[in-house]
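Below you'll find the structure, written out as structure tokens, and then a few comments.
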Amino acid sequence: VVGAGFFGATFANRATRYGKKCLVIDKSDHLAGAAYDKIMYGNPVCQFGAHIFHTKSKAIWEFIQQFSEFNNYINKPKADTGDTIYSFPLNMMTFHQLWGVRTPKEAEMKLRDVRVPIENPKNAEEWILSQVGEEIYQKFIYGYTKKQWMREPKNLPVSIVKRLPIRLTWEENYFNTNYQGMPLDGYTKVVERMLEGSEVQLGVDYFSKDWKKVAKHIVYTGPVDRFFDYEHGELEYNTLRFEHKQMTGDYQGTAVMNHTSESVPYLRSVEHKYFYKLSHMEKHYTPDIKRWSTPSLVTFDYPVPYAEHREPYYPIRDDINSKLYNKYMELKKNLSHVTFGGRLGEYKYLDIDQTMASAIQKFRSVTA
């Protein structure tokens, strides 16, 4: 298995449970891939951007709970537009803050007035305009999307913004899932436990030797274009740089703050203690001057050009890159001994639960 992230760990876990001998290698010096975390200021802190576990699948929820106890953290991010902080994702509270509407009917009537009539939206900009109109697009979507993807929203596929919930209810939970929370001792420990029974070698580059002589089957979770030595050219990705800063007291009062203005160079600020210390909130109702001098770790997510920081995080699955990926999948047809998986191997934006479900399904296909 090439890659000790969640796809590789899930596949390896299933393989060892079925009596297979499994070697897991990773070019990095740590487990858990982009979900890698370490204990800082008493809490697990994701080193490459916050990851909140959420799933609609009871089977996946029960599966991952074998490896850690989870809390009941619910993701309710806020959006700082530069002049006001709004409830987010778009819900009745957001519409009330914007327009003063109080009922779903009033909100729907307002949305009907502001929507831009576009019969067949062809890109992210057209789709969001057709759903919520110009004001919301400019205030919440345009700057954030342009920063994250480093291109105009009109040059991005509709799928980029279709993930954004738009609700005519007062529900502020970002995710439409039944199960949600954070592992109490972190994702790295989860992956470590999943890999029990497998041989693990870190700091090993897959391309340093011919592994076909070592393994009957190879599970590859790295970039697909790299696997084929960029035969058809390079796939495009977006990437981020993460800046961890020690603050004092309560920096922002919530775990996740989205910054939608182009004038702010970072996408998000994440105050990690709010993922875990739910009891911390109770202290705010009693006079306690000490809390204002207590260290608090905050991470800022900065988008950077992939050419400058070649760590692939988000596949840009537009038409051009999709066609290129399909060319590589044609080459893959001749490699029955290789399975591609994960966000990079499948060139698809996958959450952790989707990554795990894909690994389980692909393991079943290999062993069928």
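The values are calculated or read from the model by the stated rules, or taken from the named source; none is laboratory data. These numbers were taken from a predicted model, which means no experiment stands behind them. Every residue, glycine as well, gets a Cβ built from its backbone with ideal geometry; the counts of neighbours run over all protein chains shown. For accessibility, only protein heavy atoms count, side chains too; no ligands or nucleic acids. Shrake-Rupley method; radii C 1.70, N 1.55, O 1.52, S 1.80 Å.
Extents of segment 1-121, taken as max minus min of Cα coordinates on every principal axis and listed largest first, are 62, 40, 27 Å. Here r is the Cβ-Cβ distance between Trp170 and Thr84 and R0 is 22 Å; the resulting FRET efficiency, rounded to 0.05, is 0.75. Positive contributions from Lys and Arg (+1) and negative ones from Asp and Glu (-1), summed over other residues with Cβ under 15 Å from the Cβ of Ala357, come out at +3.
In the elastic network of the chain, a GNM with C-alpha springs shorter than 10 Å, the most mobile of Phe228, Phe340, Phe242 is Phe228.
Estimated from helical segments only, the mean residue ellipticity of the chain at 222 nm is -8500 deg cm²/dmol, where each DSSP H run of four or more residues counts as -39500 (n - 2.57). The residues of the chain expose, per residue, 49 Å² of accessible area to a 1.4 Å probe. You can think of it this way: the chain between Glu134 and Val304 has 58.5 nm of extra reach, that is 0.36 nm per residue less the Cα-Cα gap. Across the alpha-carbon atoms of the chain, the computed radius of gyration and Dmax are 21.8, 68 angstrom. Ligands, DNA and RNA left out, the 1.4 Å accessible surface of segment 148-247 is 46% carbon and sulfur atoms. Over 26 Å apart at the Cα level, from the set Lys21/Lys327; Lys76/Lys147; Lys189/Lys333; Lys56/Lys245; Lys162/Lys273, are Lys21/Lys327; Lys189/Lys333; Lys56/Lys245; Lys162/Lys273. Spin-label model, Thr254 to Lys327: label points 7 Å out along the Cα-to-beta-carbon direction sit 4.4 nm apart.
Beta-bridge orientation, the chain: approximately 70 percent antiparallel, per DSSP, counting only bridges with both partners inside. For the listed residue pairs Lys27/Lys362; Lys146/Lys348; Lys27/Lys58; Lys27/Lys209; Lys20/Lys213; Lys213/Lys348, the alpha carbons are over 21 angstrom apart in Lys27/Lys362; Lys27/Lys58; Lys213/Lys348.
Check cross-link reach from Lys78 to the aspartates and glutamates: straight Cα distance under 19 Å, and skip same-chain residues fewer than eight apart. List returned: Glu135, Glu171, Glu172, Asp250, Glu262, Glu271, Asp301. Using a cutoff of 8 angstrom between alpha carbon atoms and counting only pairs six or more residues apart, the relative contact order for the chain works out to 26 percent.
Across the options Asn91, Phe53, Cys22, the greatest Cα extent toward the positive end of the charge dipole of the chain (unit charges at beta carbon of Lys, Arg, Asp, Glu) belongs to Cys22.
About its Cα centre, the dipole of the chain is roughly 940 debye, where the only charges are +1 on Lys and Arg Cβ and -1 on Asp and Glu Cβ. Computed from label points 7 Å out along Cα-Cβ, the spacing between Lys58 and Glu231 is 4.5 nm.
Taking 19 Å as the cut-off, the amide N atoms of segment 217-245 that come nearer than this to a point 7 Å along the Cα-to-beta-carbon line of Ser28 belong to 219-227, 237-245.
Between Glu106, Glu134, Glu308, the residue with the greatest mean-square fluctuation in the GNM of the chain (Cα pairs under 10 Å linked by springs) is Glu308. Taking a Cβ cut-off of under 14 Å around Leu111, the surrounding Lys, Arg, Asp and Glu residues balance to a net charge of 0, with basic ones at +1 and acidic ones at -1.
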